[in-house]
Amino acid sequence: MLITVIVILILLAVVIGAVGLIIAGMRRRNVEEDPLSARLAEFASRGEMASLEEIEMSQPFVDRVIYPMMVKIGELSARITPERVRENTAKQLEMAGNPGRLTPTAFLSLNLIIPVVLGGFFFLLSRVSSGLSPGAEILINLGLIFLGFFLPQMWLRSRITSRQKSIRKAMPDALDLLTICVEAGLGLDAAMSKINEKWDNELALAFGRVIREIQLGKIRREALKDMADRIGIPEMTSFVAAVIQSEQLGVSMAKVLRIQSDQMRMKRRQRAEEEAHKAPIKMLLPMGGFIFPTIMIVLMTPAALRLWRTFQGLGF
């Protein structure tokens, strides 16, 4: 029995370590900076002479082993994945704000790593101690593999939903600030820069990326259209279309922004009212599962005890 417990603890440690390494490999990375070049520049600034092997070994374990391994597994997965799926994965990563600076190849590797980890762990655990039948073990293992295959997609969709909700919530206030800045004499680019400087949220980051793209020579309307595609909500698409039409038709930008701000605020109030109307429906499940049984126990227990004593007195 003691040996079984020790083996189970070792298996748990292995699985926790594997999951930890995966999470570490998914951490935020700076894709514009080569880790090896940064390490080489660091040695050069110190005036130290080091071989390429020493510089390579001085990198963190995640940069040296974990992330390249994820990329290799992702390349293997990409070979059997249709091109449309890879393009859709890249688009979803952009809509999620590129969490962890993951490339589509690295993300696709998770569709192979997580099912193998979950399935392998349950298989080893079932070999050590399990009272289940072979058929039940196979079904549970297949279920874990199936769940592990879809876990990355579920996580990515939740990140997209969370980011879009954050942007929807911030848009009315951001458009108010844009309107004030434009009415004060600033251009639209300078107004978006103000939002990027003052705020620290997903919308401010999106505006900051637009500003950087414009500074690199991209046409503003193209940069705004790309931002709307990366965010993927109707409110941002409507805002970008109104700004582009304002530029093309010569309409006052401040007036357009004021109208857009009022519309966004009205839509936010309507969404709040919609969520408030959904609240009673959402409360039915916890009420039916937890509150009503408790009330029935409190109300019916005295009556049940009285009936039981009555039947005892009658000799039943």
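The values are calculated or read from the model by the stated rules, or taken from the named source; none is laboratory data. Treat the numbers as computed from the prediction; the structure is a model and nothing was measured. Note that each Cβ is placed from the backbone with ideal geometry, even for glycine, and that neighbours are counted across all protein chains shown.
Any residue at all in region 103-110 that is closer than 29 Å to LEU203 by Cα, outside any helix (DSSP H, G or I) and β-branched (Val, Ile, Thr)? Within region 103-110, one or more residues are closer than 29 Å to LEU203 by Cα, outside any helix (DSSP H, G or I) and β-branched (Val, Ile, Thr).
Yes/no per residue for (1) among the acidic types (Asp, Glu); (2) crowded, with 19+ Cβ neighbours inside 10 Å; (3) farther than 21 Å from GLN92 by Cα:
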{"residue": "PRO152", "(1), (2), (3)": "no, yes, no"}
{"residue": "TRP155", "(1), (2), (3)": "no, no, no"}
{"residue": "THR161", "(1), (2), (3)": "no, no, no"}
{"residue": "SER166", "(1), (2), (3)": "no, no, no"}
{"residue": "LYS169", "(1), (2), (3)": "no, no, no"}
{"residue": "LEU175", "(1), (2), (3)": "no, yes, yes"}
{"residue": "LEU178", "(1), (2), (3)": "no, yes, yes"}
{"residue": "CYS181", "(1), (2), (3)": "no, yes, yes"}
{"residue": "GLY185", "(1), (2), (3)": "no, no, yes"}
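Among the candidates LEU144, LEU125, LEU139, single out the residue that is part of a helix (DSSP H, G or I), without any contact (Cβ under 8 Å) to a residue 40 or more places away in the chain, surrounded by 15 or more Cβ atoms within 10 Å (Cβ to Cβ) and out of contact with any Lys or Arg (no Cβ under 9 Å at 6 or more places or on another chain). Reasoning before the result, please.
Numbers: LEU125 fails: without any contact (Cβ under 8 Å) to a residue 40 or more places away in the chain; LEU139 fails: surrounded by 15 or more Cβ atoms within 10 Å (Cβ to Cβ).
Step by step, each of LEU144, LEU125, LEU139 is checked, and only LEU144 is part of a helix (DSSP H, G or I), without any contact (Cβ under 8 Å) to a residue 40 or more places away in the chain, surrounded by 15 or more Cβ atoms within 10 Å (Cβ to Cβ) and out of contact with any Lys or Arg (no Cβ under 9 Å at 6 or more places or on another chain).
Yes/no matrix, rows are residues, columns are (1) hydrophobic (A, V, I, L, M, F, W, C); (2) over 21 Å from ASN196 (Cα atoms); (3) touching a Leu at 6+ places or on another chain (Cβ under 6 Å):
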{"site": "LEU216", "(1), (2), (3)": "yes, no, no"}
{"site": "MET236", "(1), (2), (3)": "yes, no, no"}
{"site": "MET266", "(1), (2), (3)": "yes, yes, no"}
{"site": "GLU273", "(1), (2), (3)": "no, yes, no"}
{"site": "ILE281", "(1), (2), (3)": "yes, yes, no"}
{"site": "LEU285", "(1), (2), (3)": "yes, yes, no"}
{"site": "ILE297", "(1), (2), (3)": "yes, yes, no"}
{"site": "ARG306", "(1), (2), (3)": "no, yes, no"}
{"site": "GLN312", "(1), (2), (3)": "no, yes, no"}
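Note on region 111-152: among residues that are at pLDDT 80 or above and within 17 Å of the chain's Cα centre (by Cα), the one that is nearest to PRO68 (Cα to Cα) is ILE114. When THR89 is tested against the conditions (1) more than 18 Å from ASP229 (Cβ to Cβ); (2) crowded, with 18+ Cβ neighbours inside 10 Å; (3) hydroxyl-bearing (Ser, Thr, Tyr), the lone failure is (1).
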